[in-house]
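Contents: one structure, followed by commentary.
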Amino acid sequence: MNYNNPNLIFNDIPSGKIGWSSPSNIALIKYWGKKDLQIPTNASLSFTLNNCQTETIIEFSPTYNDGCSIEFFLEGIPNKRFAEKTCLFFNRIASIFPFIKQLDFKIYSKNTFPHSAGIASSASGMSAIALILCDIENQYFNTFSNEEEFYKKASYIARLGSGSACRSIYGGLVSWGEINKGSNLYGSPVIDGVSDVFKNYHDSILIVDSEEKKVSSTVGHGLMNSNPFKNGRYNQASANISKLIDIIGKGDLNNFINIVESEALTLHAMMMTSLPYYLLMKPNTISIIERIWQFRNEKEIPVCFTLDAGPNIHLLYPHSYDDKVKIFIKNELLQFTSNNTVIHDRVGNGPQKLNL
Ligand code: PMV
């Protein structure tokens, strides 16, 4: 697949603005380890979230600069680091969208979740930008013959910005990698064979610590290259994703829990067995996990947890247990969070274009 297209150059350079809101996602089968340009070492699977979104508006106009011309405003405040990061991304994709070099960009981005919560916003942020660039192509060059092509390219571009961002382009359950005719180059929605119980699954995100993490995901992925357990891990992930897709089809909550929690703990085991080794869980992360296990055993309520590359807990549960789990969170888990911060989210439908 080669998206390079030298014809995407304006004759008359336009001015305009386009906005998209794009969600975050939570991986059930973890992508951890990559090669080349965001090519994953194993296939992954995630739920797209509903409430945790990044809303981005890009204003563009003809440029008179040779270099990268981006001003980035995060929550209304100029952000040099994000401007530089976006410039690197735009340089990486300049042969796919040559019109980038003809434009000045003002990027206005804000998150619908608290910025201080320590939740990674790269998946939602990069997917929103990818959708806007594809939308510029769509509006001015009219190159897409259908929606499927549009979203596939947006997912491919989002991947080049931040690997897991490619899964945020679609709602519901999304895979990325070589599973079920999928590709390492873009995400694919898992449409068929999802049992109803998983269609509106809940994810309450318990913020244990909102500080920026000490070891970035980029560094963490890199450390997998020398991890002595890497091959075992890649084989385990491949076996787990096939099993989990089957389990999700059957609505088998017990086996869902076993695989999802094992994936979360294995992700962190990979961090602990990297060289140099490191820990991203905090004591309160462990306290919450123990309370979840106790609650599940005593009440026979199918709640489970997963973790991103950080200390915060994603508490996953079926919609029918919503009331009971919210009481459990309030009575037993909030005490372990930072400033009682919990973000109640659930599986969502994917990105939306903003009406400007
Ligand atoms: O997309 P990245 O490079 O930020 O890596 C994300 C890695 C995990 O969140 C830990 C797992 C995943 O599949 O999302």
Open item on the list: Please list, in order along the range 262-277, the HN-Hα scalar couplings obtained from phi with the Karplus expression 6.51 cos²θ - 1.76 cosθ + 1.60 (θ = phi - 60°), rounded to whole Hz, x for Gly and Pro.
Closed with: 5, 4, 5, 6, 5, 3, 6, 5, 5, 5, 6, 10, 7, 10, x, 7
- [ ] Per DSSP H run of n ≥ 4, the term is -39500 (n - 2.57); total these for the chain, divide by its residue number, and report the mean residue ellipticity at 222 nm rounded to 500 deg cm²/dmol.
- [x] -11000 deg cm²/dmol
Task: Out-of-range pairs (alpha-carbon distance over 27 Å; input 17/153; 330/353; 101/214; 30/80; 85/152) - done: 330/353; 101/214; 30/80
Task: Furthest towards positive pole of dipole, 87, 61, 144, structure part the range 16-193, Cβ charges - done: 87
TODO: Report the charge-dipole magnitude of the range 198-346 in Debye, nearest 20, computed about the Cα centre from +1 at each Lys and Arg Cβ and -1 at each Asp and Glu Cβ.
DONE: 180 debye
Task: Cβ-based net charge around residue 142, under 13 Å, with every Lys or Arg adding one and every Asp or Glu removing one - done: -3
- [ ] Hey, can you grab everything whose amide H is under 5 Å from the amide H of residue 348? Only 5+ residues off in sequence or another chain; H modelled, so Pro and N-termini drop out.
- [x] 48, 49, 50, 172
Task: Cα gyration tensor shape for the range 198-346, rounded if a/c is under 1.5, else prolate or oblate - done: oblate
Task: Cα centre as origin, Lys/Arg/Asp/Glu Cβ charges: the chain dipole, Debye - done: 580 debye
Open item on the list: Roughly how far apart, in whole Å, are the Cα centres of the range 193-265 and the range 149-180?
Closed with: 17 Å
Task: Kirkwood hydrodynamic radius of the chain, from inverse mean 1/r over distinct Cα pairs, in Å - done: 20.9 Å
- [ ] Kindly express, to the nearest 10 degrees and within the range 0 to 90, the angle between helix 230-250's C-alpha long axis and the longest C-alpha principal axis of the chain.
- [x] 80 degrees
Task: Within the chain, longest stretch free of exposed chymotrypsin sites (Phe, Trp or Tyr not before Pro) [DSSP loop, at most 12 other beta carbons within 10 Å] - done: 65-276
Open item on the list: Give the lysines reachable from residue 326 as a straight Cα distance under 23 Å; neighbours fewer than 8 places away on the same chain don't count.
Closed with: 199, 282, 299
- [ ] Name the residues whose placed amide hydrogens come within less than 5 Å of the amide hydrogen of residue 28, ignoring near sequence neighbours (fewer than 5 apart) on the same chain.
- [x] 45, 46, 47
- [ ] Would you be so kind as to identify which of 274, 226, 284 lies farthest towards the positive end of the dipole of the range 198-346, taking Lys and Arg as +1 and Asp and Glu as -1 on Cβ and the Cα centre as origin?
- [x] 226
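Only the coordinates and a few stated rules stand behind these numbers; no lab work does. Quantities reported herein were computed from a predicted structural model and do not represent experimental measurements. With ideal geometry, Cβ positions are generated from the backbone for all residues, glycine too; neighbour counts draw on all protein chains shown.
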